[in-house]
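> Before I ask anything, let me first share the structure, which is written out below as structure tokens.
The values are calculated or read from the model by the stated rules, or taken from the named source; none is laboratory data. Values in this document were obtained by computation on a predicted structure and should not be read as measured data. So basically every Cβ, Gly included, is an ideal-geometry build from the backbone, and we count neighbours across all protein chains shown.
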Amino acid sequence: MVNQSSNPARVWKLATGLSVILAAVGIGAARIESQRAARLADSVKSQQQLVVSLQARLVEAEKPSLPIALTFRPALMGSGLVGMFRNVSSSQLEIAATFSSQATGMLRQANLVIPANATKEIGHAEGWAFASGQHVQLTNIRFRPAVYEVPQT
């Protein structure tokens with residue numbers, strides 16, 4: 001009688017089966033670790049983007065306020081209001097201006113060059129009659145952006 005435990009074919013099958021099981025466990029563990037590494041990489045990338053965004057906001061916050069005083073008056077001729085953009089600094093300023101109306105969806109962009117301690121007026125004659133509720137955004141790279149809402153008249 002042949003001892004079953006020493007049967008080479010049976011031992012070989014058992015060893016092969018165990019090897020397959022160990023390989024499957026190893027592959028599964030590797031896949032789990034790979035997914036975990038991918039999630040960690042995504043998390044790190046997201047945190048890096050957040051840091052860059054916060055740094056950009058900090059740089060903007062550290063800039064001085066835009067030295068423009070914006071007031072409005074009724075138009076003498078034509079309709080709407082006239083925006084009076086007063087440069088209160090001792091230097092000429094070039095300003096990128098965006099005028100928008102949520103009510104009509106209209107949008108206009110303009111570059112304004114305002115001499116030192118001077119006022120530039122924008123109204124119907126210049127192509128934009130201001131009305132209550134409209135928005136004005138002014139930007140210059142050296143200053144924080146300024147956003148205004150046209151007040152009720």
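> Kindly establish whether Ser46 is over 24 Å from Ala131 (Cα atoms), out of contact with any His (no Cβ under 8 Å at 6 or more places or on another chain) and not in a helix (DSSP H, G or I).
No; evaluated as a whole, the condition is false for this residue.
> Considering only the stretch 78-100, I want to know if a residue exists there that is out of contact with any helix residue (DSSP H, G or I) (no Cβ under 6 Å at 6 or more places or on another chain) and without any contact (Cβ under 8 Å) to a residue 12 or more places away in the chain.
No - not one qualifying residue is present in the stretch 78-100.
> Related question: Only one of (1) loosely packed, with under 12 Cβ neighbours inside 10 Å; (2) in contact with a Lys or Arg (Cβ under 9 Å, 6 or more places away or on another chain); (3) modelled with pLDDT of 95 or more is not met by Ser90, so which one is it?
Result: Ser90 fails condition (2) only.
> Let me ask another. Scan the stretch 67-91 residue by residue and report those that are touching a Pro at 6+ places or on another chain (Cβ under 7 Å) and farther than 15 Å from Trp128 by Cα.
Passing the criteria: Asn87, Val88, Ser89.
One line per residue, one yes/no per condition, for (1) more than 30 Å from the chain's Cα centre (by Cα); (2) among the charged types (D, E, K, R):
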residue	(1), (2)
Ala56	no, no
Glu62	no, yes
Phe72	yes, no
Ser79	yes, no
Asn87	no, no
Ala97	no, no
Ser101	no, no
Glu121	yes, yes
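> Identify the single condition in (1) at pLDDT below 85; (2) in contact with a strand residue (DSSP E or B) (Cβ under 7 Å, 6 or more places away or on another chain); (3) not polar (S, T, N, Q) that Glu60 does not satisfy, given that it satisfies every other one.
Among (1) at pLDDT below 85; (2) in contact with a strand residue (DSSP E or B) (Cβ under 7 Å, 6 or more places away or on another chain); (3) not polar (S, T, N, Q), the lone unmet condition for Glu60 is (2).
> Another question about this same structure. For the stretch 67-122, please list each of the strands (runs of 3 or more DSSP E) lying entirely inside it that holds at least 2 residues being under 16 Å from Ile141 (Cα atoms).
93-100, 107-114
> Within the stretch 49-64, which residues are exposed (fewer than 10 other Cβ atoms within 10 Å of the Cβ) and either in contact (Cβ under 8 Å) with a residue 40 or more places away in the chain or not in a helix (DSSP H, G or I) (or both)?
Correct list: Ala61, Pro64.
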